[in-house]
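Worksheet: one structure, shown below.
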Amino acid sequence: DARVTQTPRHKVTEMGQEVTMRCQPILGHNTVFWYRQTMMQGLELLAYFRNRAPLDDSGMPKDRFSAEMPDATLATLKIQPSEPRDSAVYFCASGFGDDRDHGYTFGSGTRLTVV
Amino acid sequence: AQSVTQPDIHITVSEGASLELRCNYSYGATPYLFWYVQSPGQGLQLLLKYFSGDTLVQGIKGFEAEFKRSQSSFNLRKPSVHWSDAAEYFCAVGAGRDDKIIFGKGTRLHILP
């Protein structure tokens, strides 16, 4: 089965450090989402891309978060500087974004702990 | 903007009993609706989706969901649950085929032996 690959699976970092999370979408998928999951807020949409172009990043704190797709096989989510409140599981999902398959496939997530 | 409400944070049922998880959505037009399941420490897996057509949708693992426009609901059902169904279930809505997907807060399902 094709998979969305996220790295690293776990990350512990100190407050103020830069964190970069990576996502390899399924080959051929043209839509990529970044979600953050916490106990309090549930699944929050941070940003999403179609054909590598950002469509909506309104859910992302702009002062410290940035999301990019340098190429079709890689999406990155960067936090600089990181804060303890950023501790969460970050999920990437990919799909076709049209009627071929609108059910997006999720990666296993990156569990981030900022101390 | 679209939104999703899952009224039940926790649901407990006995193994072999039937299950219904509730989901209400808010959106002006016909939404795209999904149910996902998340096992502990795992990502989300798509159970089923509704775009149009038959309002009763069959999914994987024996689940089904019914779209009721008049009630703005998309409840998930299973006639007989198994211990392996214990997980968190998320309902989600998209405003259109090109739009983002918004998730509900989730319902955690517990199974009694």
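Each reported figure results from applying straightforward, stated rules to the coordinates on display, with no laboratory input. The structure presented is a predicted model; accordingly, all values stated were derived computationally and were not measured. Because the Cβ atoms are built from the backbone with ideal geometry, glycine has one as well, and the counts that use them run over all protein chains shown.
A compact table of results
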{"quantity": "Per-residue ³J(HN,Hα) for the range B:67-84, Karplus 6.51 cos²θ - 1.76 cosθ + 1.60, θ = phi - 60°, Hz, x for Gly and Pro", "calculated": "8, 10, 4, 5, 9, 6, 10, 8, 7, 9, 9, 8, x, 8, 7, 10, 4, 6"}
{"quantity": "Restricting the range A:1-62 to GluC sites (Glu not before Pro) in coil, as DSSP defines it, with at most 14 other Cβ within 10 Å", "calculated": "A:Glu14, A:Glu18"}
{"quantity": "In nm, spacing of pseudo-spin labels at B:Ala17 and B:Ser39 (7 Å Cα→C-beta vector)", "calculated": "2.3"}
{"quantity": "For chain A: relative contact order, % (alpha-carbon pairs under 8 angstrom, 6 or more apart)", "calculated": "37"}
{"quantity": "All-pairs Cα distance distribution in the range A:1-91, expressed in whole percent, bin size 10 Å", "calculated": "16, 52, 29, 3"}
{"quantity": "³J(HN,Hα) computed for each position of the range A:48-55 - Karplus, 6.51 cos²θ - 1.76 cosθ + 1.60, integer Hz, glycine/proline x", "calculated": "8, 10, 10, 6, 6, 9, x, 9"}
{"quantity": "Pairs beyond 28 Å (Cα-Cα), from A:Lys62/B:Lys49; A:Lys11/B:Lys61; A:Lys78/B:Lys61; B:Lys68/B:Lys105; A:Lys62/B:Lys100", "calculated": "A:Lys62/B:Lys49; A:Lys11/B:Lys61; A:Lys78/B:Lys61"}
{"quantity": "Bridge type composition, the protein assembly as shown - antiparallel percent by DSSP, nearest 5", "calculated": "90"}
{"quantity": "Packing rank of B:4-16, B:78-90, where each peptide gets the mean count of other beta carbons within 10 Å, highest leading", "calculated": "B:78-90, B:4-16"}
{"quantity": "Relative contact order (percent, whole number), chain B, Cα cutoff 8 Å, 6+ residue spacing", "calculated": "38"}
{"quantity": "Chain B: C-alpha pair distances exceeding 23 Å, %", "calculated": "22"}
{"quantity": "For the range B:42-53, 3J(HN,Hα) per residue [Karplus equation, 6.51 cos²θ - 1.76 cosθ + 1.60, θ = phi - 60°, Hz, x = Gly/Pro]", "calculated": "10, x, 9, 10, 6, 8, 6, 8, 10, 10, 5, x"}
{"quantity": "DSSP-defined beta bridges in the range A:14-83 - what % are antiparallel, rounded to 5", "calculated": "100"}
{"quantity": "Interchain or long-range residues, amide H under 5 Å from A:Gln17's placed H", "calculated": "A:Ser82"}
